[in-house]
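To start, the structure under review is shown below, and the notes come after it.
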Amino acid sequence: MDILVIGAGPTGLTAANALAYKGMNCRIVERKNAPSELSRAVGIMPATIEALGELGAADPLLAEAMPLKKMHILRDERTLVYLDSSGNEFRKRVPLGLPQNRTEGILRDVLSGKGVEVEYGLSVTGISTTQDSALVSFSNNTSDSFDWVIAADGIQSATREQLKIPYPGIDLPSKWSIADVDLAGDFDPEEITLDLYGPDNQFSLILPIEKHRARIASSTEDALSAIKLPLDITNVRRTAAFKISIRQAESYRKGRILLAGDAAHCHSPVGGKGMNLGMADAIAAAMAITNGSVDEYSRLRHAAGKAVVKKTELARHLISSANPMAKSLLWLSFKAISSIPAVHRAFMKQWTAI
Ligand SMILES: Cc1cc2nc3c(=O)[nH]c(=O)nc-3n(C[C@H](O)[C@H](O)[C@H](O)COP(=O)(O)OP(=O)(O)OC[C@H]3O[C@@H](n4cnc5c(N)ncnc54)[C@H](O)[C@@H]3O)c2cc1C
């Protein structure tokens, strides 16, 4: 079987790894000329690490990533909750912090070890499908037919558009922002800090991604000025503002083409699940192709995506709502999580599940 993976983001790289692991003949093409140095996703969930274990990527990820064992939640700079998940019962339940470009770098190295290299600087320019094969044209004026294609070409997926698969949902009007910074001083690289402030429940989040480096995220347009807590920033590597869309493809399959990752779904970064969901799609797509269960792929992954979008939206509404009832509910939930061990365990399980 000849299989093409479109896009060398985390989803495409995971799909190619899973196909190569199963001994499938696969190519992976990427429109960009070189790997990205920028990072969007910074949280890897334990379920993702577990799924990548067989593919040989878990150990190098674990060696580099920061285990985020503690969570400090503040309201107007005053501690609401301090959650410590360092105990042994949470050993496989804490998320990891790592810049997306490093996650991609590790996946690429592991893929290379399986004999597959990403073809950078090569875009898919046209795609169509019959019941038996997919016909693909490339930017170097060649074309080829494939038994299967996994389209991991991101939120603006041209594949999805060419196949006319609807991507219904909404685009939020406001902008959120991020900053990647180097830090000195008293910084705990295992602690996530979430500060909720102001009458409109704005937030700023500090999430370690290296020993002296953190991702700052904010529900305002300027992550750096949203930080109200003392932070010894020595260097700003990157700032960006972005809009959030909440959308899901109506179907993840057309003929011989499977959609995976942001090509199939997108939602707010609250909870840090988007990349993880895409990597889970990727493994499911590769397994469906190798074991002949493709008919089920769209139904099962659509349901999994829908559940994650629903939970993520609930969390986004709760943390950003100015409604006094929602604020009280959030506060009570935090109190219960921090004071009742069973609720703490249930929260970590829910949060880190994909
Ligand atoms: C600010 C921000 C923070 C986030 N934080 C988190 C987080 O902490 N945790 C988390 O899980 N998720 C997070 N996400 C979401 C996460 O970044 C995405 O879900 C993830 O990058 C999607 O991966 P992907 O491989 O599906 O798509 P992408 O990463 O977008 O990769 C698609 C690739 O396809 C290539 N491509 C596109 N068209 C073509 C073509 N025609 N031919 C060849 N190649 C093509 C593109 O160049 C690109 O490299 C965040 C998102 C944002 C915006």
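Computed quantities for the displayed model
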quantity	calculated
Residue list for segment 334-354, restricted to those being in contact with a Leu (Cβ under 8 Å, 6 or more places away or on another chain) and among the polar types (S, T, N, Q)	338
Some residue of segment 89-105 being crowded, with 21+ Cβ neighbours inside 10 Å, at pLDDT 95 or above and over 30 Å from residue 202 (Cβ atoms)	yes
Filter pass, residue 234 being part of a strand (DSSP E or B) and either among the acidic types (Asp, Glu) or open to solvent by 30 Å² or more (accessible area, probe 1.4 Å) (or both)	yes
Pick from segment 21-38, criterion open to solvent by less than 20 Å² (accessible area, probe 1.4 Å) and more than 8 Å from the ligand (Cβ to nearest atom), ranking: farthest from residue 352 (Cα to Cα)	26
Residue match in segment 317-336 (condition: within 17 Å of residue 169 (Cβ to Cβ), under 20 Å from the mean Cα position of the chain (by Cα) and open to solvent by 20 Å² or more (accessible area, probe 1.4 Å))	yes
For residue 271: the one exception among (1) open to solvent by 10 Å² or more (accessible area, probe 1.4 Å); (2) part of a helix (DSSP H, G or I); (3) in contact with a strand residue (DSSP E or B) (Cβ under 9 Å, 6 or more places away or on another chain)	(2)
Long-range neighbours under 8 Å by Cβ, at least six apart or interchain, first residue more than 12 Å from residue 247 (Cα to Cα) and among the charged types (D, E, K, R) within segment 150-169, second more than 10 Å from the ligand (Cβ to nearest atom) and open to solvent by 20 Å² or more (accessible area, probe 1.4 Å)	160/167
Whichever residue in segment 258-297 is more than 10 Å from the ligand (Cβ to nearest atom) and within 19 Å of the chain's Cα centre (by Cα) and, among such residues, is farthest from residue 99 (Cα to Cα)	258
Only listed residue being touching a residue at least 24 places away in the same chain (Cβ under 8 Å) and either within 9 Å of the ligand (Cβ to nearest atom) or under 20 Å from residue 283 (Cβ atoms) (or both), chosen from 94, 116	116
Neighbours by Cβ (under 7 Å, 6+ apart or cross-chain): first from segment 1-18, at pLDDT below 95; second open to solvent by 10 Å² or more (accessible area, probe 1.4 Å)	1/24; 1/25; 1/147; 1/148
Residue tally, condition of a type in the set (A, V, I, L, M) and touching a Lys or Arg at 6+ places or on another chain (Cβ under 9 Å), over segment 224-258	6
Residues that are open to solvent by 30 Å² or more (accessible area, probe 1.4 Å), within 28 Å of residue 324 (Cβ to Cβ) and assigned to a strand (DSSP E or B), drawn from segment 200-210	202, 205
Filtered residues of segment 128-139 (kept if part of a strand (DSSP E or B) and open to solvent by less than 40 Å² (accessible area, probe 1.4 Å))	134, 136, 138
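The values are calculated or read from the model by the stated rules, or taken from the named source; none is laboratory data. Source: prediction; values computed, not measured. Cβ coordinates were reconstructed from backbone atoms using ideal geometry, including for glycine residues, and neighbour counts include every protein chain displayed. Note: accessible area is taken over every heavy atom of the protein model, side chains too, but ligands, DNA and RNA are not part of it. Shrake-Rupley method; radii C 1.70, N 1.55, O 1.52, S 1.80 Å.
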